[in-house]
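I have placed the structure first, in the form of structure tokens, so that the comments after it can refer back to it.
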Amino acid sequence: MAKSGDPAPVIAIDGPSASGKGTVAQEVARSLGFHYLDSGALYRLVAVAAVRQNVALADEKRLAALAGGLACEFCGDQIRLDGQSVTDAVRSEQAASGASEVAALPQVRRALLERQRAFRRVPGLVADGRDMGSVVFPDAVLKIFLTASPEERANRRYKQLMEKGLRVNLINILRDIEQRDARDIGRPVAPLQVGADAMVVDTTNLTVAEAVARILESYAARQSRQAPSR
């Protein structure tokens, strides 16, 4: 348990695209009564704002300025940009692909760093992304690397999009996931990687409930070890 004056505890959940980070992280946060940060949504917002303002996704300087001045709000499941709902746009495949591109830009990452850290509030935070444990919250009390096979992740994304009534191709989704993985792993700044102090949870054959249970058990065990003896 954190001592008075200590920063709020953070559970950092990193992993590749479509590994289930968002769903699992939200359930962990709900179970613990913690705040939740979807860091990927911030990068998606930058991509959406760039398209709306005709800023090229390779224009690092202008994108960093956009990132630093985002007038965005997170209201439950709703996301607003400049007072307007952009929830559907942010959750689109176009925004996801654009986010992967802008996230590779060092100036954009720096512009969003403090904005992400501001989500850290009592009683605690569950943050998901690509570099939550390695860069944004290196002192997280628990670091998780959530993953699954590319094929399983593609199948999950395919089902999600089909349920939304979208016409999609499974082969194209798999290729897109593999390209994003290569981009995230190979970028020079804050690449996607398994930290030495991270617990790997492979969800290929796990349900959401099972993945959440593993993380909650690990967090409880760590809290028990840190509790002062009487």
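Just so you know, all these numbers are worked out from the coordinates, no wet-lab data involved. All values derive from a computational prediction rather than experimental measurement. As a convention, Cβ positions derive from the backbone with ideal geometry for all residues, glycine included, and neighbour counts pool all protein chains shown.
Summing Cβ point charges (Lys, Arg +1; Asp, Glu -1) relative to the Cα centre of the chain gives a dipole of roughly 340 debye.
In this simple spin-label model, placing a label point 7 Å from the Cα along the Cα-to-Cβ direction at both Val122 and Arg222 gives a separation of 2.1 nm.
Between Arg91 and Asp202, the distance separating the two model label sites (each 7 Å from Cα on the Cα→Cβ line) works out to 3.0 nm. In the chain, the calculated helix contribution to ellipticity at 222 nm averages -15000 deg cm²/dmol per residue, counting -39,500 (n - 2.57) for every DSSP H run with n ≥ 4. Charged side chains reduced to their Cβ positions (Lys and Arg at +1, Asp and Glu at -1) give region 71-169 a dipole of some 120 debye around its Cα centre. Positive end of the dipole of the chain (Cβ unit charges, origin at the Cα centre): among Phe145, Met199, Ala65, the Cα lying farthest that way belongs to Ala65. Region 124-177 and region 9-73 have Cα centres lying 12 Å from one another. At R0 = 45 Å, how high is the FRET efficiency between Gln179 and Glu114 if r is their beta carbon distance? Nearest 0.05 is fine. In this case the efficiency is close to 0.90.
Modelled spin-label separation between Glu73 and Met162, with each label point placed 7 Å from Cα along the Cα-to-Cβ direction: 3.8 nm. Under 5 Å between amide hydrogens, built in the peptide plane, is the criterion, and for Ala148 it picks out Thr203 among residues at least 5 positions away or on other chains.
So, counting K/R as plus one and D/E as minus one, what does the shell of residues with Cβ under 14 Å around Leu66 add up to? Can you show the working numbers first?
Working: positive: Arg44, Arg52, Lys61, Arg62, Arg109, Arg110, Arg115; negative: Asp59, Glu60, Asp82, Glu101.
Neighbour charge sum, excluding Leu66 itself: +3.
Restricting attention to the chain, the count of lysine pairs at 8 or more positions apart or across chains with alpha carbons under 21 Å apart stands at 4. Residues whose amide H falls under 5 Å from that of Leu37, counting only those 5 or more places apart or on a different chain, are Val126, Ala127, Asp128, with hydrogens built in the peptide plane.
Under a Cβ-Cβ cut-off of 15 Å, what is the net charge of the residues other than Gln94 that fall near it, where Lys and Arg count +1 and Asp and Glu count -1? Cβ neighbours under 15 Å give a net charge of +3. The mean sequence distance of close C-alpha pairs (under 8 Å, at least 6 residues apart), as a share of the length of the chain, puts its relative contact order at 32 percent.
Listed by Cβ neighbour count within 10 Å, with the fewest neighbours leading, Phe74, Phe137, Phe119 appear as Phe74, Phe119, Phe137.
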